[in-house]
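The values are calculated or read from the model by the stated rules, or taken from the named source; none is laboratory data. Fair warning: this is a prediction, and the values are worked out from it, not measured in the lab. Glycine gets a Cβ as well: all are built from the backbone with ideal geometry, and neighbour counts include every protein chain shown. Please note that ligands, DNA and RNA were not included when accessible areas were found on the heavy atoms of the full protein model with its side chains. Shrake-Rupley method; radii C 1.70, N 1.55, O 1.52, S 1.80 Å.
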Amino acid sequence: MYCFCVIAAVWGVAVPALAADITVNTKASFLSACEIDTGAQSPLVITLSDYNISPGSVIRLAQIGDARTGFSSPNNTDIFSRGLMGAFSASTTIADPSNLNTITGALDAGVDTVTPMACEGASQAISSDVSYDFYTAGSAAQLMPLGTTYTDILVPTGAVYLFVCMYDSFYGDNSDPDSDFMLRRTSTACRGDWNNSGSISVQDIYDFETSYFAGNGDFNQNGLTSI
């Protein structure tokens, strides 16, 4: 991937993918929901072909903006940021949220993220942790297991849709007053562009070295920083 991006930069090869900022409903989720989370809504479903995304390509995703959650914003503030959860699927079919595996056509991709119990702490809490989801980091996200401000993800074979929701355990009390909580889909990912500046330079080497020795240099997106 690094070599391709260098060649593209030198020869001016166009990358056939569309950039976009897509609004994410903070109340929406593809994870299971407990019976008292009555305000939870259907998840965002992105048709990959609408953005010239096809299986086998590596795309760069990032969470931008912030939101208000009932737990985190007692003073009505809209300053709480969490990353996004994503899951690829071959279909838009989704089961009742009382089920664990709500996305019936789900396809595994990326590093699996452990999600909290739905309605964590309540007597009605149920498991929401599935094996096919992945985390999308953001510049202000409080949960950043990959240690970066974005996530590069390989689109799996058979993927037609991308389900997206905020990382959370209770969705019905979430809100986004200034409507800035979004999924940012940038141009086709080039992992050599470590600092996400849009170009490859010596600074990427320095920035990667800093991330690596801080334990956040997961270049191959396997969930670990290692040689």
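Out of the residues in region 179-209 that are modelled with pLDDT of 85 or more and either part of a loop (DSSP other than H, G, I, E, B) or touching a strand residue (DSSP E or B) at 6+ places or on another chain (Cβ under 9 Å) (or both), which is most open to solvent (accessible area, probe 1.4 Å)?
R184
What number goes with the only condition from (1) modelled with pLDDT of 90 or more; (2) part of a loop (DSSP other than H, G, I, E, B) that C165 does not pass?
(2)
For region 210-227, what are the residues that are outside any loop (DSSP other than H, G, I, E, B) and either farther than 18 Å from Y150 by Cβ or modelled with pLDDT of 80 or more (or both)?
If the condition is that a residue be outside any loop (DSSP other than H, G, I, E, B) and either farther than 18 Å from Y150 by Cβ or modelled with pLDDT of 80 or more (or both), then T210, Y212, F213 are the ones that fit.
What's the total number of residues in region 26-40 that are touching a strand residue (DSSP E or B) at 6+ places or on another chain (Cβ under 6 Å) and either of a type in the set (S, T, Y) or open to solvent by 10 Å² or more (accessible area, probe 1.4 Å) (or both)?
5
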